[in-house]
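The structure under discussion appears below in the form of structure tokens.
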Amino acid sequence: MGLNVNTLLNEQLSNIASRDIITLEADKPVSIAIKAMKDRDARSALIIHDNEAVGIVTKTDILFKVIAQNRDPNKVKLREIMSSPVIMLPASAKVSDALDIMNKHVIRQVFVGSSTAIVGMVSREELFEMIHKASINTSEDALSGAPVCIINPKASVLVKDVNKQLQCPYCESSFTYKDELSRHIDRLHMGSGALEGDLRRIFE
């Protein structure tokens, strides 16, 4: 029997965090991050300096801060485009804490641990997938007559949001409605097609 929604929301992040994290020095060129993300099929890299996490660089950062501005990835340093500070949660924090802080800061991933001792990382997409599976387990338990906890109201909203998340095929930005996604693509990615071509060339 799998986790139900309430159990998942109270699960410690240290138990589910991904340990597969790309870490790169802040003074390395963006081209190094591009290669690492491509080789490991990742969407972000943790940027460190003096063995301490100082920022994060995502594919979207590279697309808009380097490629879209016709900057040379071999000359731009990661520290120039990274987002800082790194949003961290302690290993003892719960899944619900991670979802709360992602919503508060409008971010898609949270690192687990401390700036000098990273345990792992959790992403919004991974958590939504877990919640979706847990909601199925909860429903199956109820249908089979097994005792289940009342679903946390927050979980119901989160499960509903799973089906609403639409991603831009060019920069992976998330949208709730199709017309929002359509306007975003028309405004930022259509026309010359430069962004589409650049993104496919460097990441595929």
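Read the figures in this text as sums done on the coordinates, not as results from a lab. Since we're looking at a predicted model, the values are computed, not measured. All Cβ positions, even for glycine, are placed from backbone atoms using ideal geometry, and neighbour counts span all protein chains on display.
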FRET efficiency (Ala36, Asn10; Cβ distance; R0 35 Å; to 0.05) is 0.55
Specify which residue in the list Ser114, Ile56, Ala17 is farthest towards the positive end of the charge dipole of segment 5-130, using unit charges on the beta carbon of Lys, Arg (+1) and Asp, Glu (-1), about the Cα centre.
Ile56
Selection from Met82, Asn6, Val95 lying farthest towards where the dipole of segment 5-130 points positive, charges on Cβ
Met82
Once you place label points 7 Å from the Cα toward the Cβ at Glu126 and Lys77, how far apart are they in nm?
3.0
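Among rounded, prolate and oblate, which fits segment 79-120 when a ≥ b ≥ c are the square roots of the eigenvalues of its C-alpha gyration tensor, a/c under 1.5 means rounded, and a/b larger than b/c means prolate? Mind showing how you got there, number by number?
Working: a/c = 2.95, a/b = 1.21, b/c = 2.43.
Here segment 79-120 falls in the oblate category.
Place a +1 charge on the Cβ of each Lys and Arg in segment 1-146 and a -1 charge on the Cβ of each Asp and Glu, then give the dipole magnitude about the Cα centre in debye, rounded to the nearest 20.
On the way: 17 positive and 18 negative charges, 116 e Å.
Rounded to the nearest 20 debye, it is 560 debye.
Would you kindly state how much longer the chain becomes between Glu25 and Ser115 on full extension, computed as 0.36 nm times their sequence separation minus their alpha carbon distance, in nm to one decimal?
Numbers: separation 90, 0.36 × 90 = 32.40 nm, distance 1.39 nm.
Extra length from Glu25 to Ser115 when fully extended: 31.0 nm.
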Distance between the C-alpha centers of segment 95-133 and segment 8-86? Whole Å please.
16
Sorted by average packing, counted as other Cβ atoms within 10 angstrom per residue and highest first, what order do 52-65, 79-92 take?
52-65, 79-92
